[in-house]
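> Quick one: this structure, given as structure tokens, is what I'll be asking you about.
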Amino acid sequence: EWKYPGAFAKSDDEVARELPEAEDVRVDVERGVLTVSTPRTCALYAEEGEVTAGALSVRLSDAPAAVWAIALDGQPLAGSRRILLAHVTNVESTDMLRRERSNLLVFDHGKLPFLMRRGRADVALDVPAKGWTVYALSLGGRRLRKVGWSGSGDGRLKIACDTAADPDRATFLYELCR
């Protein structure tokens, strides 16, 4: 049983108008942007360009992406000592078969491994830019390698994310510790 049977018959503008007004969730249909901003989680989806969601600012290159930062220690992001950062582009199975134009109809779900579209994102977090160690993580959360970061003149932590940084696997999860 469909909870919202008419949802797929509505335009993007109609859906956006029906969303509840909330300070922490914003939708910009014209730009293709969704942002979420709470004290411990900031997240966004964007097709391109520069987008800010609370303490998270992102400049996307090469591909649409979802990017989020979550404080893992229960503190607000600005005071957190451990943060999970994710930068996810399009993911699909090897040999997945879809309808060419719409990509909505899947004929074959394919097989492993999953493939991730290459994308880059320059990420800035409004956290003190001192004392951090940044790790690229496996899908299971294992630390794979250290990742470079920089501080900006305005005191923000900056990380250049690239899903193709490792030739053996997609890089899309990061642990930030201080």
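We did not get these values from a lab; they are worked out from the coordinates using the rules stated. Just so it is clear, the model here is predicted, and its values are computed rather than measured. Cβ sites come from the backbone with ideal geometry, for glycine too, and all protein chains shown count toward neighbours.
> May I ask for log10 I(q)/I(0) of segment 20-62 at q = 0.20, 0.25, 0.28, 0.29 Å⁻¹, from a Debye sum over the Cα atoms as equal point scatterers with solvent left out?
-0.58, -0.85, -1.01, -1.05
> Taking the Cα centre of segment 32-178 as the origin and placing charges on Cβ (Lys, Arg +1; Asp, Glu -1), which of V106, P39, A63 is farthest toward the positive end of the dipole?
P39
> Further question on the same structure: Specify the inter-centroid distance of segment 48-86 and segment 93-159, based on alpha-carbon positions, in whole Å.
Segment 48-86 and segment 93-159 have Cα centres spaced 11 Å from each other.
> Could you give log10 I(q)/I(0) at q = 0.08, 0.10, 0.13, 0.19 Å⁻¹ for segment 17-162, computed by the Debye formula over C-alpha point scatterers of equal weight, without solvent?
Debye intensities relative to I(0), on a log10 scale: -0.26, -0.41, -0.67, -1.22.
> While we're looking at this one, here's another question. Net charge within 13 Å of S138 by Cβ-Cβ distance, Lys/Arg positive one each and Asp/Glu negative one each, not counting S138 itself? Don't skip to the answer; put the middle values down first.
Numbers: positive: R142, R143, R145, R169; negative: D166, D168, E175.
Net charge around S138: +1.
> Please give me the summed charge of the neighbours of R31: other residues whose Cβ is under 10 Å from its Cβ, Lys and Arg +1, Asp and Glu -1. Present the calculation step by step, with values, prior to reporting the outcome.
Working: positive: none; negative: D28, E30, E47, E48.
Its environment carries a net charge of -4.
> Given bins 5 angstrom wide, list per bin the percent of all Cα-Cα distances in segment 83-123, short to long.
Final binned percentages: 6, 20, 21, 22, 14, 9, 7, 2.
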